[in-house]
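Colleague: Please find one structure pasted underneath; my questions will follow.
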Amino acid sequence: MTVMQSPRWLPGTLRARLILILGVGLLLAHGLSFALLFGERMDATRSMMLRNLYEDVPVSVALLEHLPADERAAWVPRLERRTYRYLLRPAAAGAPLSTERSRQVTGLIDDALDQRYPLRPRTVSSMPERYEVELTLADGQPLTIEITPAPMPVATWLPWVLAAQVLVLLLCVGVAVRLATRPLARLALAAECLDPAGNNVPLPEEGPWEVAQAAQALNALQARVAAHVSERTQILSAISHDLQTPITRMRLRVEAMEASPSQDKLLGDIDQVSQLVREGLDYARSASVTLGPAIHVDLTAFLESIAGDYQDAGRPVQLLQGTLASRDTHPQVLRRVLQNLIDNALAHAGSAETQLRIDGEGRACIDVLDRGPGIPADQLEAALKPFHRLEPSRGRATGGTGLGLAIAQQLTQALGGSLRLSPREGGGLQATVILPEGASRTIQP
Amino acid sequence: MSSHTDHILVVDDDRDIRQMVGDYLRRNGLRVSLAADGREMKATLDTSDVDLVVLDVMMPGEDGLSLCRNLRAGKHRAVPVVLLTARDDETDRIIGLEMGADDYVTKPFSSRELLARINAVIRRARMLPPNLQVSEASRWIRFGDWRLDTTARHLLDPQGTAYPLSGAEFRLLRVFIDHPQRVLSRDQLLNLTQGRDADVFDRSIDLLVSRLRQRLGDGAREQSYIKTVRSEGYVFSQPVVLEGGDA
């Protein structure tokens, strides 16, 4: 499977990418509009303050001007506003005005007072900004307007609303992304589990239009694959059945002939044809083998029984000392796998050994070992393909059809396991059936 | 063989096959009748004594498996049956044996193989008829701590773990189970356990018995399943219980 190369900074999954794009985009847009709104509001409050200042300052100054000097102190607090207040003292020491806004405000005050008072503005503090504008009333008393510009305080619930909005946003993104990616994952899973034998649960053809369409397409594909496989099996099995009767007739006829060298040769040919017919059928069936319920099998006893059968038939097959283990499996199918591997070893090496062991991941492994010529490393994988022959060492001379290992491979897959060929240490071939992780019970030796 | 000549009924829809099989069996000293279908088979069974039926599985109309089942249910239930299966397939073998066949040969077979199988089945049936009524429907046989699955050919312990048996071990255990509490000589055991690969079977019965004892958990001293009877042979000492087909 090739995966298209994508930029390194991009996350790998579609889900992460969608979340990234939608999340960042929506948050950015949201932030922008919020900033715009906030700026607008700042502008509005400022101009409102300036207008207030422009109308308010001349009235307040005129009021203080007309009041007797001793009553002014009582009135000053009443004239106080949110951003400025009046103080009956000279301005505090400070720097000249530094900001554009303070100069603008000072100019505004000057205009509002019709430039009748000389103003002495001072910046008292820059963070937070505070400046004072001092003038002198007609009776010589200093009056200072202290200005502390401040935006309208933000309501305390605003951050919460903001957080809630972002949350809703992210939630929506999450739901949308899930909606988009989940059917994909389901499709991928269904395609992966596609059983060529046709024992598939069809995908529900529901949901958004595109998803339903894809599910429908996959279901149709499943049906086509199943039809194809069953047709192949049917053809092979029909050929095989129809051939078996004439082959039986041929055999019986040749056997009834006078004994002669050509009779032997004919019988050898018939054996070869019938083996090919049998294994061709086996191979076709192995692609769609039906498994009954698994049973818990003592694998050591299982291997002993297989070695025993070969020994009773006079074939040298030994079970080497190994681990004890039991697994849930289908012994009839596993037996066929091992028989094929052992037959292969016997054909090429004359003898075979089997061994049970547990690998590093806790899986039960059954090795079938021989001391034959082995298989070159670059052909180990190809040797599992049907009709593959390795010339000349493992060729037709040994009488194989080239299907035994392919059948073993297919049946192992049907069991949920895997078959691996490797060179045996010290020469020969090692075929390993790795059984799937399954329920295992510890057994006492 | 003595004065009695075994009478074999060959049932196959293919005329050439049944005639060639018949010729071969006749040449080897057997009396042979031929039948092309179930009807002819029943007619022959009703009119003459048949010692064994060779029955083709794949036949148009009523096939061999259902003929075999009907035979087992009718008045000729004692007649041994050897099936000719068209497929080298576990299911056919298992179904065939469940239907009550005594053995089977896979097409394309050699006539010598068929003859050997016929002789073995007749010898078994004649030598020691089972004194236990092991019906074909009972797939599981219980004895002691064990249950024997007679079609899958493995032992089940009380926890349900399966211990597969080799062909020879299974045949020996079946002989013991079919004749519980009965002393069996080494010769009888050898004859009864000779199965498919009779010519190469050279393991001594004693070795096979010790292998089976090991599998059943019998020690050298404490023999709760297979007891040695000095200078006579062996006896299976556990009571045997049959269980239905779908337990």
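Colleague: Give me a comma-separated list of calculated 3J(HN,Hα) values for segment B:5-13, in order, Karplus coefficients 6.51, -1.76, 1.60 applied at θ = phi - 60°, integers in Hz, x for any Gly or Pro.
Modeller: Each residue of segment B:5-13 in turn: 9, 5, 9, 10, 10, 9, 10, 8, 6 Hz.
Colleague: How big is the charge dipole of the protein assembly as shown about its Cα centre, in debye rounded to the nearest 20, if each Lys and Arg gets +1 on its Cβ and each Asp and Glu gets -1 on its Cβ?
Modeller: In total the dipole reaches around 600 debye.
Colleague: If each residue of separation counts as 0.36 nm, what is the full-extension length gain between B:S204 and B:L190 once their alpha-carbon separation is subtracted?
Modeller: Length gained, B:S204 through B:L190: 4.2 nm.
Colleague: Using the Cα gyration tensor of segment B:140-243, with a ≥ b ≥ c the square roots of its eigenvalues, what is the shape: rounded (a/c below 1.5), prolate (a/b larger than b/c) or oblate (neither)? Mind showing how you got there, number by number?
Modeller: Values: a/c = 1.61, a/b = 1.20, b/c = 1.34.
Because a/c hits 1.5 or more and a/b fails to exceed b/c, segment B:140-243 counts as oblate.
Colleague: Using the count of nearby Cβ atoms within 10 Å as a rough guide to exposure, how do B:W140, A:W75 rank from fewest to most? Kindly include the intermediate steps, with their values, before the conclusion.
Modeller: Working: B:W140 18, A:W75 14.
Starting with the residue having the fewest Cβ neighbours, the order is A:W75, B:W140.
Colleague: Pop a pseudo-label 7 angstrom from the Cα along the beta-carbon direction at both A:R82 and B:H7 and give the gap in nm to one decimal.
Modeller: It is 12.3 nm.
Colleague: Taking a cut-off of 30 Å between Cα atoms, list the lysines near A:K385, but don't count ones fewer than 8 places away on the same chain.
Modeller: Straight-line reach from A:K385, under 30 Å: A:K265, B:K107.
Colleague: Work through the residues other than A:P204 whose Cβ is under 15 Å from its Cβ and net out their charges, Lys, Arg +1 and Asp, Glu -1.
Modeller: Counting the neighbours of A:P204, the net charge comes to -1.
Colleague: Over segment B:140-243, calculate the relative contact order: mean separation of alpha carbon pairs under 8 Å at least 6 apart, over the residue count, as a percent.
Modeller: Here the relative contact order equals 34 percent.
Colleague: Taking loop as defined by DSSP and a crowding limit of 15 other beta carbons within 10 Å, which trypsin sites (Lys or Arg not before Pro) in segment A:22-109 fit? Working shown, then result.
Modeller: Numbers: sites: A:R41, A:R46, A:R51, A:R72, A:R78, A:R81, A:R82, A:R85, A:R101, A:R103; in loops: A:R81, A:R82.
Of the trypsin sites (Lys or Arg not before Pro), the ones in loops of segment A:22-109 whose Cβ has at most 15 other Cβ atoms within 10 Å are A:R81, A:R82.
Colleague: Grab the other residues whose beta carbon is less than 13 angstrom from that of B:K75, score K and R as +1, D and E as -1, and report the net.
Modeller: Result for the local shell: +1.
Colleague: Once you keep just the Cα pairs under 8 angstrom separated by 6 or more residues, what percentage relative contact order results for segment A:16-147? Don't jump to the answer; show the numbers that get you there.
Modeller: Working: 132 pairs, mean separation 29.6, N = 132.
It rounds to 22 percent for segment A:16-147.
Colleague: Place a +1 charge on the Cβ of each Lys and Arg in segment B:140-243 and a -1 charge on the Cβ of each Asp and Glu, then give the dipole magnitude about the Cα centre in debye, rounded to the nearest 20.
Modeller: 120
Colleague: Most exposed first by the Cβ proxy, i.e. fewest other Cβ within 10 Å, how do B:K107, B:K42, B:K75 rank?
Modeller: Starting with the residue having the fewest Cβ neighbours, the order is B:K75, B:K42, B:K107.
Colleague: If you wrap segment B:7-127's Cα atoms in a convex hull and average its projection over all directions, what's the area in nm²?
Modeller: Mean projected area for segment B:7-127: 6.7 nm², to one decimal.
Colleague: Give me the extension gain from A:E206 to A:Q141: residue separation times 0.36 nm, minus the current Cα-Cα distance, reported in nm with one decimal.
Modeller: Working it through step by step, the gained length comes to 14.8 nm.
Colleague: Here's something else I'd like to know. Taking only C-alpha pairs under 8 Å that are 6+ residues apart, what is the relative contact order of segment A:266-375 in percent? Each step should come with its number before you reach the end.
Modeller: Values: 123 pairs, mean separation 25.3, N = 110.
After rounding, I find 23 percent.
Colleague: Hey, another quick one. Once the Cα gyration tensor of segment A:16-147 is diagonalised, what are the square roots of 5 times its eigenvalues, in whole Å and ordered largest first, as equivalent ellipsoid semi-axes?
Modeller: The three semi-axes for segment A:16-147 are 42, 15, 13 Å.
Colleague: I want to verify a result. In a Gaussian network model of chain A, Cα cutoff 10 Å, which of these has the top mean-square fluctuation: A:A74, A:A191, A:A383?
Modeller: Result for chain A, Cα springs under 10 Å: A:A74 fluctuates most.
Colleague: Anyone know which of A:V368, A:V177, A:V154 comes out most mobile in the 10 Å Cα GNM of chain A?
Modeller: Per the Cα network of chain A with a 10 Å cutoff, A:V154 tops the list.
Colleague: Please build a GNM for chain A, connecting alpha carbons under 10 Å apart, and tell me which residue among A:I21, A:I109, A:I270 fluctuates the most.
Modeller: Result: A:I109 has the largest fluctuation of those listed.
Colleague: Based on C-alpha coordinates, I'd like the Rg and Dmax of the protein assembly as shown, in Å.
Modeller: 47.3, 163
Colleague: Moving on. Placing unit charges on C-beta atoms (Lys and Arg positive, Asp and Glu negative, everything else neutral), compute the dipole magnitude of segment A:1-90 about its Cα centre in debye, rounded to 20.
Modeller: 640
Colleague: Could you tally the net charge around B:L192, taking each other residue with its Cβ under 9 Å from the Cβ of B:L192, Lys/Arg +1 and Asp/Glu -1?
Modeller: Charge balance near B:L192 sits at +3.
Colleague: Okay, moving on. Could you check the spin-label model distance between B:A125 and B:T47? Points 7 Å from the Cα along Cα→Cβ, value in nm.
Modeller: Taking the simple label geometry, B:A125 and B:T47 are separated by 2.0 nm.
Rule-based calculations on the coordinates, nothing more; no lab input. Model, not experiment: these values are computed from the prediction. Please note: Cβ atoms are built from the backbone with ideal geometry, for glycine as well, and neighbour counts cover all protein chains shown.
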